[in-house]
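To start, the structure under review is shown below, and the notes come after it.
The values are calculated or read from the model by the stated rules, or taken from the named source; none is laboratory data. Source: prediction; values computed, not measured. Every residue, glycine among them, receives a Cβ derived from its backbone with ideal geometry; neighbour counts consider all protein chains shown.
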Amino acid sequence: MARVFGSGPAEVRPNMTPMVDVVFLLIVFFVLVAQITSAERLRMALPEVEPGQSVDAPRDKRMIVNVLPLDDGAGVRVGTRSFDETDDGLADLSEAIAIALARDENLRVLVRAPRWASYERVHRIMKACAAGGSPALDLIVQPIEGGADG
């Protein structure tokens, strides 16, 4: 039996505040994850290879070095951090790779470059990665659609 208070019977209502707090935290989490993922995956046309001539890139313990297209201002991006293609910028890239490798020696460095990027640009960036202590570098490519028959 409900007790009667000043103006009428007492009502039992659920407290929605904790649920609203959890929903807002989930929204913030998914927004941050989406930004981190999009920072790694810049849109660019990658070099193409025949199916079977490449291996799948590791999903964990990796650092993706994106060579930015010239129309995006050129340079290099690792996650959300950008580096110039000057000698100082490439030295900073080497230092960032060295720091990341000091934290995790099993880290693999993957280089993503647009297919029209000059070899000279990509080579300078790969040298900077090697100077940071990366034991091996992998280039990210995509298989040719339609296979060998094209």
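Assorted remarks:
- Matching residues in the range 85-125 - criterion: being surrounded by fewer than 14 Cβ atoms within 10 Å (Cβ to Cβ), touching a residue at least 60 places away in the same chain (Cβ under 8 Å) and not aromatic (Phe, Trp, Tyr): 115
- Unique match (being within 20 Å of residue 43 (Cβ to Cβ) and either assigned to a helix (DSSP H, G or I) or assigned by TED's automatic domain parsing to the domain that holds residue 35 (or both)) among 65, 122: 122
- When each of 75, 89 is tested for being of a type outside the set (Ser, Thr, Tyr) and over 22 Å from residue 43 (Cα atoms), the lone residue that passes is 89.
- Residue in the range 79-104 that is nearest to residue 33 (Cα to Cα), counting only those that are at pLDDT 85 or above and not in a helix (DSSP H, G or I): 81
- Selection within the range 1-34 - surrounded by 10 or more Cβ atoms within 10 Å (Cβ to Cβ) and at pLDDT below 85: 32, 33, 34
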